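Working notes, structure below.
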Amino acid sequence: TLQEALPEKQRELFKQLHPSGLADGWVRFSGSEKEPGSFTADLSFERASLNSEQFPLPITDISAKAVFSPDLIIIKEFTGRHNNGLLSLNGQIEPGGELKEPSYRISARFEDAELKDELFALLPDSAKKIVDELNPTGRVDLVADLDKKSSSESADFTVTVECLGNSISSPRLPHPLKDITGV
């Protein structure tokens, strides 16, 4: 019911993320006979989850606060879990239309993330080659700042990785490296 009540741009984003859980909040509608209606929804989410084919990390135990309007989603607070790692983020998303990709400015932190294939799937192809060669194991803390201003531009991003006692083994190295720490 919620999905069908959303404007087309947000409905497509909703379908892609496959959210479930509980929502609470208020919705304000405005409009007239001469102008199409508009809305603002200030919602809180509890015991929610996202399971998207386009984002390879299913996220559970979500607690979030966001404000929705026809052309903007402002994420005020968001925390959730993937495996044992804690994911938090904030920022804003401008949902795309049929031919337009969403634009966004998001800051995300992933604490105690396990180095696994599903995490590596988020990397660009050039970085995947390096990671495949190093064969890292262990857990890391990640901070990512993602910025995509328009559908015609590539996303700008900065990712900081803090190693938490990791290991790598590569055919190019004479010995495996263990207990790697640092940023």
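The values are calculated or read from the model by the stated rules, or taken from the named source; none is laboratory data. Quick caveat: nothing in here was measured; it's all calculated off a predicted structure. Counting neighbours? That spans all protein chains shown, and the Cβs are built from the backbone with ideal geometry, glycine included. Ligands, DNA and RNA are excluded from the accessible area calculation, which covers all protein heavy atoms including side chains. Shrake-Rupley method; radii C 1.70, N 1.55, O 1.52, S 1.80 Å.
Computed values, structure above
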{"item": "Nearest 10 degrees, 0 to 90: helix 125-134 Cα axis against the chain principal axis", "result": "30"}
{"item": "FRET efficiency estimate (nearest 0.05) - Cβ-Cβ, S38 to E133, R0 45 angstrom", "result": "0.30"}
{"item": "All Cα pairs of the stretch 65-146, percent lying beyond 17 Å", "result": "58"}
{"item": "Area of K128 that stays accessible when all protein chains are in place (1.4 Å probe, Å², to 10)", "result": "60"}
{"item": "Volume of the Cα convex hull of the stretch 55-113, divided per residue and given in Å³", "result": "88"}
{"item": "Net dipole in debye of the chain [+1 Lys, Arg Cβ; -1 Asp, Glu Cβ; about Cα centre; nearest 20]", "result": "140"}
{"item": "5 angstrom amide H check on S103, placed H, neighbours 5+ away", "result": "E94, G96"}
{"item": "Accessible surface ranking that places the most exposed of R109, R11, R172 first, with a 1.4 angstrom probe", "result": "R172, R109, R11"}
{"item": "Proximal aspartates and glutamates to K149, defined as alpha-carbon separation beneath 20 angstrom and excluding residues fewer than eight positions away on the same chain", "result": "E12, D71, E94, E98, E101"}
{"item": "Surface/4 estimate of mean projected area, convex hull on alpha-carbon atoms of the chain, nm²", "result": "12.0"}
{"item": "Aspartates and glutamates with Cα under 14 Å of K129, excluding same-chain neighbours fewer than 8 positions away", "result": "D117"}
{"item": "Potential extension, S107-L122 segment - 0.36 nm per residue separation minus Cα distance", "result": "3.9 nm"}
{"item": "Accessible area in the full protein assembly, largest first, 1.4 Å probe, for H18, H175, H82", "result": "H175, H18, H82"}
{"item": "Kirkwood-based shape ratio for the stretch 93-182, expressed as Rg/Rh from alpha carbons", "result": "1.08"}
{"item": "Of K116/K178; K9/K100; K15/K128; K100/K148, those spanning more than 19 Å from alpha-carbon to alpha-carbon", "result": "K15/K128"}
